[in-house]
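The values are calculated or read from the model by the stated rules, or taken from the named source; none is laboratory data. Please read all numbers here as calculations on a predicted model, not as lab measurements. Glycine also receives a Cβ, built like all others from the backbone with ideal geometry; neighbour counts cover every protein chain displayed.
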Amino acid sequence: MGRVLVSGLTLMGTAASPRLDKQLQRDVDEMVRLATTSRDITTREKQHAEAMKLFSDGYMNEATLVWEDILTNHPTDMLALKLAHDSYFYLAKQAQMRDSIARVYPHWNASIPLYGYLPGMYAFGLCETDHWAEAEKTAKKGLELIPKDGWATHALAHVYEMQGRSQEGISFLSRTLDNWTTASMLACHNFWHWAVYHIERGEHTAALDVFDSQIASRVRTSGTMADIVDACSMLYRLEMEGVRVGQNDGRSSPKYVGRTPRPHAGVQRLPSIDVGFSARKKSGYAG
Ligand SMILES: [Fe+2]
């Protein structure tokens, strides 16, 4: 299961793809070999290995079906729940994001480890299906249980954005900065939301400041596709607002990001990320 966990986090994190990363491909193959030859392995562990292999090969829909099978018999399996949740997110399966959590919720209680992460996940499913009042209440409940939950923070950020409550959003994110910046895979995206609030308010300099001080440096550090897409999207939005980006040696300059996006060229794994990458040239992030 350790191999499933490591490969799963690597693949979900979008920093590497088995199509281009041969070591990652070997790790996945070894996980499958152990799952099929080991004696002391449970049916559930075999299912986890099968789902991860499917995900690795690009069969994301099929992987979610295996994770849902696991959850039918083991509704408190957080690994299956979270990997299915993230896959539904990548697949833009909004109702499934909500209902996958709703199905297992009655089987959980506060005495079960990781229970506090359920509200944040459920809140985002509620956001994606336009249940804003319920989403806000649920995200806040999650943050009461785990203030450092970056996903619950993200769900609440969506509520403020979609309801035009940009000042509340800026206030919330700045007030809780020390909590959500510890969620390294989401911190860049939550800063992106912060910058979007400023764009909505016509505060372009403030948005560019968030980009320069946070988003650009995080892209270089993480190198994940998700962070690169956030950077491209932010610069493209600013450019559509009439802001001249990439015109000097600041962090919005292509020179700052350098070759960061290059390892992902040709991955073609997720349509949403491919669209984001297509904005690279326009945004000056052609790398
Ligand atoms: Fe978001």
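Out of Gly2, Gly8, Gly58, I need the residue that is in contact (Cβ under 8 Å) with a residue 12 or more places away in the chain, of a type in the set (Gly, Ala, Ser) and surrounded by fewer than 20 Cβ atoms within 10 Å (Cβ to Cβ). Which one?
Result: Gly58 is the single residue among Gly2, Gly8, Gly58 that is in contact (Cβ under 8 Å) with a residue 12 or more places away in the chain, of a type in the set (Gly, Ala, Ser) and surrounded by fewer than 20 Cβ atoms within 10 Å (Cβ to Cβ).
Quick one: is Gly125 of a type outside the set (S, T, N, Q), out of contact with any Cys (no Cβ under 8 Å at 6 or more places or on another chain) and surrounded by 19 or more Cβ atoms within 10 Å (Cβ to Cβ)?
Considered against the rule, which asks whether it is of a type outside the set (S, T, N, Q), out of contact with any Cys (no Cβ under 8 Å at 6 or more places or on another chain) and surrounded by 19 or more Cβ atoms within 10 Å (Cβ to Cβ), Gly125 comes out as yes.
Can you list the helices (runs of 4 or more DSSP H) found entirely within region 155-227 that contain at least 1 residues being at pLDDT 95 or above and within 25 Å of Leu145 (Cβ to Cβ)?
Those helices (runs of 4 or more DSSP H) span 166-175, 177-180, 184-200.
Look at His131 and say whether it is under 27 Å from Tyr105 (Cα atoms), without any contact (Cβ under 8 Å) to a residue 60 or more places away in the chain and within 16 Å of the ligand (Cβ to nearest atom).
Criteria not met by His131.
Checking Gly142 against (1) out of contact with any Asp or Glu (no Cβ under 8 Å at 6 or more places or on another chain); (2) crowded, with 19+ Cβ neighbours inside 10 Å; (3) farther than 30 Å from Leu34 by Cβ, which test does it fail?
So the condition that Gly142 fails would be (1).
Quick check: is even one residue across region 225-241 of a type outside the set (A, V, I, L, M), under 19 Å from Asp86 (Cα atoms) and within 16 Å of the ligand (Cβ to nearest atom)?
yes
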